[in-house]
Amino acid sequence: MVLWGLAGLHFSCQPEAFQPLDHRGRPALYTLAEELSGLSYQTLRNYKSVCEQICLSRRRDKLSFKHHVKVIGIDDPAIQDDWLDQAEQKNWSASDLCAAIRLAARTEEPVKDKE
């Protein structure tokens, strides 16, 4: 869905602290976006969060928004990219990607300190 990318790109450029607030105390930009898109405030916040963590140049057009959501818990952008690459190459669903990430986390051996 192209909308999440556009929404996130615009929202991520607009620091909330500097936005005027609407009658509910939310940034007015969200009110406008809700009216134009028909999406909920929380959905727009989710889009913004993902878009802040995965910049436009790193997003995969062939993968869904849900795929990108599955990797934002990974701190290293290079590892996020590796997982997104695998999902794209192996034609994984977002659920498949999540399962692969969970499996890899369970099978990783803890790093031992050298003495």
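Taking the criterion of being over 18 Å from Asn46 (Cα atoms) and in a helix (DSSP H, G or I), the residues of the range 73-94 that qualify are Pro77, Ala78, Ile79, Asp81, Asp82, Trp83, Leu84, Asp85, Gln86, Ala87, Glu88, Gln89.
From the list Leu56, Leu84, the one residue that fits, being crowded, with 18+ Cβ neighbours inside 10 Å and within 19 Å of the chain's Cα centre (by Cα), is Leu84.
When Cys51, Cys98 are screened for being over 21 Å from Tyr30 (Cβ atoms), open to solvent by less than 40 Å² (accessible area, probe 1.4 Å) and not charged (D, E, K, R), only Cys98 passes. Tallying residues that are open to solvent by 70 Å² or more (accessible area, probe 1.4 Å) and within 20 Å of Thr43 (Cβ to Cβ) within the range 59-72 yields 2. Kindly indicate whether any position in the range 6-16 is modelled with pLDDT of 70 or more, open to solvent by 70 Å² or more (accessible area, probe 1.4 Å) and outside any helix (DSSP H, G or I). For the range 6-16, residues modelled with pLDDT of 70 or more, open to solvent by 70 Å² or more (accessible area, probe 1.4 Å) and outside any helix (DSSP H, G or I): absent.
A quick yes/no check of all residues on (1) under 11 Å from the mean Cα position of the chain (by Cα); (2) among the charged types (D, E, K, R); (3) farther than 30 Å from Pro20 by Cα:
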site	(1), (2), (3)
Val69	yes, no, no
Cys98	no, no, yes
Ile101	no, no, yes
Arg106	no, yes, yes
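Figure legend. Inter-residue proximity from the range 54-81: first residues aromatic (Phe, Trp, Tyr), second residues open to solvent by 40 Å² or more (accessible area, probe 1.4 Å), beta-carbon distance below 9 Å, spacing 6+ or different chains. Indicated pairs: Phe65/Met1; Phe65/Asn46. Scoring Ser37 on the criteria (1) polar (S, T, N, Q); (2) touching a Ser or Thr at 6+ places or on another chain (Cβ under 9 Å); (3) free of Cβ contacts under 8 Å to residues at least 24 places away in the same chain leaves a single failure, condition (3).
The values are calculated or read from the model by the stated rules, or taken from the named source; none is laboratory data. Keep in mind that what you see is a predicted model, and the values were worked out from it rather than measured. In this analysis, Cβ positions are derived from the backbone assuming ideal geometry, glycine residues included, and neighbour counts consider all displayed protein chains. Protein only, heavy atoms only, side chains kept; ligands, DNA and RNA dropped before computing areas. Shrake-Rupley method; radii C 1.70, N 1.55, O 1.52, S 1.80 Å.
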